[in-house]
Amino acid sequence: MQTTQSAHLPTEILLVIAEMLWHDEMFDRGGMILMDRQRSFHSFCLVSRQWYSVGISYLYDCPQLWKGNKFAQFTNTVSPPLGVKKSKVDLGSLVKVLHLGSLVHQSSNSQTSRLLGRVKKGLTVFVAPQTGIGVNSLASISKCQNLVHLDLTLARGGAIEFSRLKKTVSNLPDLQTLQLPSSMVITHTNHSAGAWPPKLYSMTIGGSLNPHVMDAFDWPSNLRQLILKRTKNLDIPDFESLLFNDQLLEKLESLTLDNENTNMFSSLDLESTVLYLLRNLTYLKMPLDFAEWLCILPIPNGLSPLSLRVLELTHPYFDNQVRVDFSRELKTALNENLRNIWALGVGETCLKYIKDAYKKIDNEIWKHVEESSDDELDKLAIEDLGIYTIDDDPIV
């Protein structure tokens with residue numbers, strides 16, 4: 001005899017199953033795999049009302065919207081058109097991560113704004129689409145009071161005034177990381193633009209940087225991490241005007257110079273000592289060929305060795321600029337400029353420049369580690385000590 005009655009399991013057991021399915025390591029590798037997780041939770045919710053009540057929050061936590069008509073289906077469900085019956089459950093409030101970065105033309109300014117209004121209660125991470133971000137969208141973003149991470153990299157920054165963007169994020173008390181549009185023009189602002197969120201510690205900036213603006217720029221008071229990506233004119237004067245800022249000289253702990261910057265250091269004949277003046281800089285990531293110019297040259301007179309604990313070297317920015325004897329110079333620097341280094345990450349394409357001295361470099365770095373106190377090591381909690389390999393082109 002057949003029965004349509006669903007098998008009942010204690011809710012506590014279903015919660016364990018859902019957690020295991022959510023945190024399965026096989027889902028950590030990329031978008032297509034995460035789409036599989038989405039399908040799994042969709043099936044989970046179809047088993048019975050009990051399973052639905054447990055699985056629905058996982059289904060909407062981080063929707064995968066980049067394939068086929070998934071985005072249209074999602075928006076019609078979370079923000080149904082006029083005349084369409086709404087769900088009894090506030091599905092929009094279950095969304096914590098809204099990643100629209102893979103969308104090209106699927107969303108308009110008004111649609112993005114309306115969608116943000118539906119998901120604002122629980123949203124902690126928002127990645128903006130390539131189109132569909134304007135004044136109305138900024139107003140909707142300002143109402144997402146629980147936002148922790150805001151990524152506007154792909155948005156058309158030229159259409160957004162910097163003062164208006166700052167005023168928007170000033171309303172986000174929990175915001176910790178901010179990625180500005182890569183085409184945004186950064187300007188001075190007055191008090192009407194509001195103050196930076198108190199918890200904001202990381203910023204990614206790009207576009208054209210005006211030295212006259214950046215040398216006196218009002219950075220967030222607790223900024224500790226700065227990523228320079230897709231800048232258009234990061235030459236030596238611009239680089240120094242950016243970092244010769246009282247706030248950064250005192251507080252900056254992490255600096256990344258991305259390979260996607262254009263016209264970066266077009267003249268390496270000029271030297272710079274600015275990194276030696278960043279008192280608390282412990283992490284630096286940059287193209288391999290800039291290492292000699294920025295931190296392997298002899299220590300400038302009157303200055304102490306770099307405070308760096310972690311140095312990561314990515315694919316060379318200029319072709320054929322790395323010397324064959326780079327490993328020898330690096331070993332020398334580990335006893336001078338880089339004597340505080342605990343960890344050295346080397347891009348896969350850069351290994352050939354140090355392969356003959358890989359073991360010796362690793363041994364030298366471990367000497368630094370062994371000479372440090374346990375309290376120092378525990379404070380920074382660096383995962384990889386010694387020398388290790390990094391991905392030159394990580395999937396973001």
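So here's what we get for this one:
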{"item": "Value of [θ]222 nm, deg cm²/dmol, for the chain, DSSP H segments ≥ 4, -39500 (n - 2.57) each, nearest 500", "result": "-9000 deg cm²/dmol"}
{"item": "Highest average packing first - 303-315, 369-381, Cβ atoms within 10 Å", "result": "303-315, 369-381"}
{"item": "Span from the region 218-283 Cα centroid across to the region 341-370 one, whole angstrom", "result": "24 Å"}
{"item": "Neighbour net charge for R224 - beta-carbon separation under 13 angstrom, K R +1, D E -1", "result": "+1"}
{"item": "Rg(Cα) / (2.2 N^0.38 Å) computed for region 8-61, rounded to two decimals", "result": "1.10"}
{"item": "Residue among H191, L234, C350 farthest towards the positive dipole end of the chain, charges placed on Cβ", "result": "H191"}
{"item": "Cβ crowding within 10 Å averaged over residues, with 276-289, 351-364 ranked highest first", "result": "276-289, 351-364"}
{"item": "Cα-projected label distance for L303 with K360, points at 7 Å along beta-carbon direction, nm", "result": "2.7 nm"}
{"item": "Additional length obtainable on full extension of the chain from L351 to S108, 0.36 nm per residue less Cα span", "result": "83.0 nm"}
{"item": "Sites S373 and R279 - FRET efficiency at Förster radius 25 Å, r taken between beta-carbons, to 0.05", "result": "0.80"}
{"item": "Degrees between helix 49-61 axis and first principal axis of the chain (Cα, 0 to 90, nearest 10)", "result": "30 degrees"}
{"item": "Extension gain (nm, one decimal) between K70 and E336, 0.36 nm per residue minus Cα-Cα", "result": "90.2 nm"}
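No value in this document is a laboratory result; all are computed from the given coordinates. Here the structure is a predicted model, which is why all the values come from computation and not from measurement. Cβ: placed from backbone, ideal geometry, glycine included. Neighbour counts: every protein chain shown.
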